[in-house]
Amino acid sequence: MHISRRKFLTFAAASGSALLLPSRGTWGQMSGGGGAVASPPVTPFQVPLPISPILTPTQQSTTTDYYDVTMRAADVEIIPGTLTRIWGYNGITPGPTFRVKQGRAVVVRQHNNLPENTTVHLHGGHIPAQFDGHPIDYIAPGSYKDYSYPNTQLPATLWYHDHTMGLTGPHVWMGLAGVYIIEDDYEAGLGLPSGTNDVPVVIQDRRFASDGSLVYTGNLMGELGDTILANGAPYPYHEVGTRKVRFRFLNGSNARIYELALSNGQPFIQIGSDGGLLQAPVTRSSIVLAPAERADVVIDFSGLAVGTQVVLQNLQGSGSTAQIMRFDVAGKETDTSQVPATLRAVAALSPANAAATRTWVFSRTMSTTNPWVINGLLYDPARIDAQPRLGNIEVWSLTNRSMMDHPVHIHDIQWQILDINGTPPAAANRGWKDTFLVPAMGTVRVIGQFKDFTGVYMLHCHILEHEDHAMMAQFEVVA
Ligand code: C2O
Ligand code: CU
Ligand code: CU
């Protein structure tokens with residue numbers, strides 16, 4: 001099969017030459033995924049799961065921790081024997097992990113040493129609008145922006161990633177994403193697995209050329225890779241003891257939906273979702289994780305013999321996308337951790353208290369460049385699509401009038417799911433959420449309360465090529 005080179009925008013930069021992204025408009029010329037090259041095959045389970053370093057503050061005051069991060073290009077070995085040019089926070093992907101204390105403010109100075117405008121968004125963060133990483137609130141190449149995060153929300157696994165207008169897909173694909181964990185003493189007191197037994201796992205699919213460079217086709221349906229990375233490594237293994245281990249799974253992929261399951265049939269004990277702990281643990285044999293969703297789980301390896309290998313599978317994948325990583329039971333360990341029967345109360349919001357109800361319709365047009373719309377409209381940074389009032393509870397009806405699922409994400413606050421196609425959610429979906437997989441031709445109703453901050457925030461599909469082309473809207477919380 002002959003494949004036209006012109007169709008592929010690879011980021012292989014000749015050594016020393018500047019790495020330039022095509023401007024918006026060059027993206028999305030391909031409407032189908034057919035014809036994409038296959039990545040070099042990778043033998044699974046050859047490399048250990050990388051653990052991104054926990055970032056240390058450069059400065060601390062009585063109220064605030066200050067951090068410094070630089071977005072820059074780097075060449076890293078992902079496919080054995082080749083180098084991949086990535087864009088990373090501090091030159092690594094995923095970027096360094098933040099572990100911050102609820103109630104202590106954080107200021108992150110983000111330097112942009114990349115050749116493109118960027119913005120940085122803290123996904124799931126409840127933060128003032130001017131620090132939310134609005135798509136056109138650019139950090140120009142060579143400059144920086146200070147993002148101030150109050151961390152007053154419930155402890156949760158958040159993530160930070162690029163949110164540049166029209167270029168979020170390629171920028172995240174290049175590596176601009178990292179984990180941001182908020183902790184508090186209450187959660188620490190629950191006795192859950194902690195320290196080296198509390199492991200963030202960022203799951204991403206990518207496609208590589210034979211020279212190791214990332215291939216981004218700009219597929220308007222959603223960019224799919226054929227190689228699965230966990231914390232930036234292809235199909236890694238992770239050694240565990242005969243004990244419980246907490247994994248904070250994040251789907252950091254542009255478009256792929258995973259269904260996580262363990263090869264030995266053992267269930268996960270899910271303890272948290274996007275916005276923090278569930279009210280009570282939920283035992284599940286598989287977990288569907290759409291782009292940007294998080295599942296905080298405990299896996300109990302205590303009943304397994306040393307030497308046992310358990311593969312983390314993707315039940316919605318096939319071939320090279322059917323597995324993600326492997327857990328290797330490497331040694332006996334005594335386990336003093338526990339998963340308490342009650343985690344943290346989640347007080348249900350009642351639709352009876354809602355001041356307004358809004359409907360957001362997600363659909364596709366015939367456009368070959370920007371086919372994805374909300375309420376019939378493409379994203380326009382100059383247009384405000386809704387003005388909820390500060391303090392009010394609202395019910396939002398996310399309605400999908402297209403033939404594919406859309407993981408819809410709402411900035412600013414955490415929500416509760418009222419129902420999915422009219423049915424109340426299962427227990428694992430009754431916690432705090434900011435990303436909702438809205439099924440094809442279906443509806444998810446969510447309820448939330450606008451608190452603390454006025455200003456402009458986004459809602460959008462988290463299939464990044466849908467977001468870029470241009471399934472995004474914005475609301476302004478008004479006093
Ligand atoms: Cu994770 Cu507006 O995005
Ligand atoms: Cu977000
Ligand atoms: Cu979508």
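Mind listing whichever residues of the stretch 464-479 are part of a loop (DSSP other than H, G, I, E, B) and under 24 Å from His126 (Cβ atoms)?
Residues satisfying the conditions are Met471, Ala479.
Determine which member of the set Leu343, Leu378 is within 30 Å of Thr308 (Cβ to Cβ), surrounded by 13 or more Cβ atoms within 10 Å (Cβ to Cβ) and under 28 Å from the mean Cα position of the chain (by Cα).
Working: Leu378 fails: within 30 Å of Thr308 (Cβ to Cβ).
On inspection, the qualifying residue turns out to be Leu343.
Taking the stated definitions as given, is Val456 open to solvent by 10 Å² or more (accessible area, probe 1.4 Å), within 15 Å of ligand 2 (Cβ to nearest atom) and touching a residue at least 12 places away in the same chain (Cβ under 8 Å)?
In short, yes.
Can you find, within the stretch 120-170, the residue that is surrounded by the most Cβ atoms within 10 Å (Cβ to Cβ) among those that are of a type in the set (S, T, N, Q) and part of a loop (DSSP other than H, G, I, E, B)? Write out each step before concluding.
Kept after step one, since they are of a type in the set (S, T, N, Q), are these residues of the stretch 120-170: 130, 143, 148, 151-153, 157, 164, 168.
Still in the running and part of a loop (DSSP other than H, G, I, E, B): 143, 151-153, 164.
Numbers: Ser143: 12, Asn151: 24, Thr152: 14, Gln153: 21, Thr164: 27.
Result: Thr164.
Please report, ordered by residue number, the strands (runs of 3 or more DSSP E) entirely within the stretch 385-461 with at least 2 residues that are more than 18 Å from Gly272 (Cα to Cα) and at pLDDT 95 or above.
Counting at least 2 such residues, we get 393-400, 406-410, 415-420, 443-449, 455-461.
State all residues of the stretch 413-445 that are of a type in the set (Phe, Trp, Tyr) and open to solvent by less than 40 Å² (accessible area, probe 1.4 Å); if no residue qualifies, say none.
Trp415, Phe436
From Pro381, Pro371, Pro388, Pro351, grab the single residue that is touching a His at 6+ places or on another chain (Cβ under 7 Å) and of a type outside the set (Lys, Arg).
Pro371
Can you name every one of the strands (runs of 3 or more DSSP E) wholly within the stretch 257-300 that holds 1 or more residues which are buried (at least 22 other Cβ atoms within 10 Å of the Cβ), within 16 Å of ligand 1 (Cβ to nearest atom) and touching a residue at least 24 places away in the same chain (Cβ under 8 Å)?
So the answer is 268-273, 287-289, 294-300.
Would you call Asp434 touching a Gly at 6+ places or on another chain (Cβ under 8 Å) and within 16 Å of ligand 2 (Cβ to nearest atom)?
yes
Considering the stretch 233-256 alone, what residues qualify as being under 21 Å from the mean Cα position of the chain (by Cα) and assigned to a loop (DSSP other than H, G, I, E, B)?
Tyr235, Pro236, Gly252, Ser253, Asn254, Ala255, Arg256
The values are calculated or read from the model by the stated rules, or taken from the named source; none is laboratory data. Keep in mind that this is a model prediction, so the values were computed, not measured. A quick note on method: Cβ atoms are made from the backbone with ideal geometry, for glycine too, and the neighbour counts reach across all protein chains shown. Protein only, heavy atoms only, side chains kept; ligands, DNA and RNA dropped before computing areas. Shrake-Rupley method; radii C 1.70, N 1.55, O 1.52, S 1.80 Å.
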